[in-house]
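The values are calculated or read from the model by the stated rules, or taken from the named source; none is laboratory data. Given the structure is predicted, the values throughout are model-derived calculations rather than measurements. Quick reminder, even Gly has a Cβ in these numbers, built from the backbone with ideal geometry, and neighbours come from all protein chains shown. Ligands, DNA and RNA are excluded from the accessible area calculation, which covers all protein heavy atoms including side chains. Shrake-Rupley method; radii C 1.70, N 1.55, O 1.52, S 1.80 Å.
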Amino acid sequence: MKLNELSPAPGSNHSSTRVGRGTGSGKGKTSGRGHKGQNSRSGGGVRPGFEGGQMPLSRRLPKRGFTNIWKKKIVEIPIEALNVFDDDTVVTLELLWESGIINQVKDGVKILNNGELTKKLTVCVAASKTAVEQINARGGKVEVI
């Protein structure tokens, strides 16, 4: 069997119904919308979540907690992810992006002290206090931006 020989199972594909093409088609005149009413009108119908005037489920359920809309979204990188670089490499945001360690910079990037660092690096990215200590212990340095 080849890809160009594949076909859908018989009876599984149906052509879509063309509405508003005359009374003989079975879906002419009102095009299956019926007579009058909200749903027959152009732009008619109700918004998502509307329950006919009944108190909607989203408002009936109890609410808890608080969402801080000003919260900063920081991308966290474990320090062991920096082991992919060679010794004496200057680690910047651009280098982290190009190497695929991060795929988006939200409100910032921070290196956390998760794992062991085995390379001597110069880091130009924000890092936690313990991560800075580990980088310095390997002979590298952290440049404050």
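The trypsin sites (Lys or Arg not before Pro) of segment 82-135 that DSSP puts in a loop, and whose beta carbon has at most 10 other beta carbons within 10 Å, are 106.
Give me the accessible area per residue for the chain, probe 1.4 Å, as a whole number in Å². On a per-residue basis, 80 Å². When both segment 86-115 and segment 22-46 are represented by their alpha-carbon centers, they are found 57 Å apart.
Once the chain from residue 50 to residue 17 is taken as fully extended at 0.36 nm per residue, the excess over their C-alpha distance is 9.0 nm. About the centre of its Cα atoms, segment 13-145 shows a dipole size close to 1920 debye [charges on the beta carbon of Lys, Arg (+1) and Asp, Glu (-1) only; nearest 20 debye]. Under the combined filter of DSSP loop state and at most 11 neighbouring Cβ atoms within 10 Å, segment 25-130 retains these GluC sites (Glu not before Pro): 116. Annotation for segment 28-90: trypsin sites (Lys or Arg not before Pro) lying in DSSP loop with at most 10 further Cβ atoms inside 10 Å of their Cβ are 36, 41, 63, 64, 71, 72, 73. Would you be so kind as to identify which of 9, 39, 108 lies farthest towards the positive end of the dipole of the chain, taking Lys and Arg as +1 and Asp and Glu as -1 on Cβ and the Cα centre as origin? So the residue we want is 39.
Close amide H pairs (under 5 Å, H built 1.01 Å from N) link residue 142 with 123, residues at least 5 positions away or on another chain. The modelled label-to-label distance for the pair residue 90/residue 64, using points 7 Å beyond Cα in the direction of Cβ, is 5.1 nm. Extents of segment 1-46, taken as max minus min of Cα coordinates on every principal axis and listed largest first, are 53, 30, 13 Å. Here's the picture: charge each Lys and Arg Cβ at +1 and each Asp and Glu Cβ at -1 in the chain, and of 89, 130, 78 the one pushed furthest to the positive end of that dipole is 78.
Can you compute the helix-only [θ] at 222 nm over the chain? Use -39500 (n - 2.57) per DSSP H run of at least 4 residues, normalise by all residues, nearest 500 deg cm²/dmol.
Per the formula, -3000 deg cm²/dmol.
Model label sites at residue 105 and residue 83, defined 7 Å from Cα along the beta-carbon direction, differ in position by 2.7 nm.
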